[in-house]
Amino acid sequence: MRLPSLLQILMMALRPLRSLRPFTLAGLLAVPLVGSCGNSPSADARDGETPAIRRREAARVRTAPVVQREMVRTLSTTTTVESENEIELYPRLSGVVDKVLVEEGARVATDDVLAILDDRAAAEALEDARVALEDAENAVKRLEIAVREAEEQTARAKLTWEQAEREFERNEKAGLLSAVEVDRLRLTRDTSALDFESAKLAHEGAQAELEKQATAIKRANVVVKQRELDKSFTRIVAPFDGVVASRSIRVGDTVSTGAPAFTLTDPDHIRAVVYRPQRELAFFQAAGRADGE
């Protein structure tokens, strides 16, 4: 009996697979040949490496000597830089703008005039106050004359009363006149006494009027100063050295005390306000102590 060859055995084994996909003899013979190519696991093991794992390079380390030095901590933040002296200038009086003497960006000094309002009404009020002061001063002169006249009348009334008093006492003691004449002298004496009292009251009244007029002069002086101040308010001036940041008025505008005319800033003195959480307070205190040392 003949034994089947290797090719016949393979054909018999592949008979059930003919319906799926045809194979060629060359393809079947190539399978064991391909599997036999390359290194075997035993060969890789002999080389001391696993096929899926590569050797890692050694980590590079940089060394440095230990030294003692200051550790600086920095904070990054954003804020707005602003001037320490920045104000809005408001007109002190309402009126019409007559002149504007500066523009935005102009550098000005203290008491420089920035704008002028129409000052005709203020000038008239000042002139009226000065006239009232002059009248009060002239009234003082008239009252001083009245006081001197009252003094002279008082002095004459006193002399008349003293003379009537002496004449009545002399004739009353002498007893040479009739009772009617004595009564007449008594009446003259009493009348002279009343005239003297009236003269003293008139003098006191004149003196009081003079003192009252002195108060009126002080009041008139106050009014003049007030009107002078009002006239000065028609000029908008710079309160400090700085730069005109903005101008809100033009010639011919009617301005009021409630709207700003200029914004004046001082670029030479600026500051930055930084808002930080409270947990960083110790850090700023330590920095402040270090600066103080």
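So which GluC sites (Glu not before Pro) in segment 69-108 pass both tests, a DSSP loop state and at most 15 other Cβ atoms within 10 Å of the Cβ?
In loop regions of segment 69-108 (DSSP not H, G, I, E or B), the sparsely surrounded GluC sites (Glu not before Pro) are Glu70, Glu84, Glu103, Glu104.
Grab the beta carbon distance between Glu144 and Leu101, set R0 = 41 Å, and tell me the FRET efficiency rounded to 0.05.
Values: r = 49 Å, r/R0 = 1.18.
Computed FRET efficiency for Glu144 and Leu101 comes out at 0.25.
At 0.36 nm per residue, and after removing the present C-alpha to C-alpha distance, how many nm does the segment from Thr77 to Thr257 gain when stretched out fully? Working shown, then result.
Values: separation 180, 0.36 × 180 = 64.80 nm, distance 3.95 nm.
Length difference between fully extended and current span is 60.9 nm.
Please calculate how many Å² of accessible area segment 124-279 carries per residue, with a 1.4 Å probe and no DNA, RNA or ligand atoms counted.
67 Å²
Ordering Arg130, Arg107 by how much accessible area each has at a 1.4 Å probe, largest first, what is the list?
Values: Arg130 105, Arg107 150 Å².
So the residues, ranked largest to smallest area, are Arg107, Arg130.
Kindly report, to the nearest 10 Å², the accessible surface of Val67 as traced by a 1.4 Å probe over protein heavy atoms only.
Its accessible surface works out to 100 Å², give or take rounding.
Taking the Cβ of Val274 as the center, what net charge do the other residues with Cβ under 14 Å away carry, scoring Lys and Arg +1 and Asp and Glu -1? Mind dumping the intermediate values first?
On the way: positive: Arg271, Arg276; negative: Glu82, Glu280.
In short, 0.
Run the accessible area of segment 66-176 with a 1.4 Å probe and give the carbon-and-sulfur part as a rounded percent.
On the way: 3910 of 8390 Å².
After summing per-atom areas, the C and S share lands at 47 percent.
Straight distance only, please: which aspartates and glutamates reach the Cα of Lys99 with their own Cα at less than 18 Å, same-chain residues fewer than 8 apart left out?
Reachable aspartates and glutamates: Asp111, Asp112, Asp118, Asp119, Asp230, Asp253.
What is the calculated FRET efficiency for Gln163 to Glu211, with r their C-beta to C-beta distance and R₀ = 25 Å, to the nearest 0.05?
Plugging the Cβ-Cβ distance into 1/(1 + (r/R0)^6) gives 0.15.
Provide the FRET efficiency to the nearest 0.05 for the Val66-Gln278 pair, computing r from the beta carbons and using R0 = 35 Å.
0.50
The values are calculated or read from the model by the stated rules, or taken from the named source; none is laboratory data. Just so we're clear, the structure is a prediction, and the values are computed from it rather than from any experiment. So basically every Cβ, Gly included, is an ideal-geometry build from the backbone, and we count neighbours across all protein chains shown. The accessibility values were calculated without ligands, DNA or RNA, using every heavy atom of the protein model including side chains. Shrake-Rupley method; radii C 1.70, N 1.55, O 1.52, S 1.80 Å.
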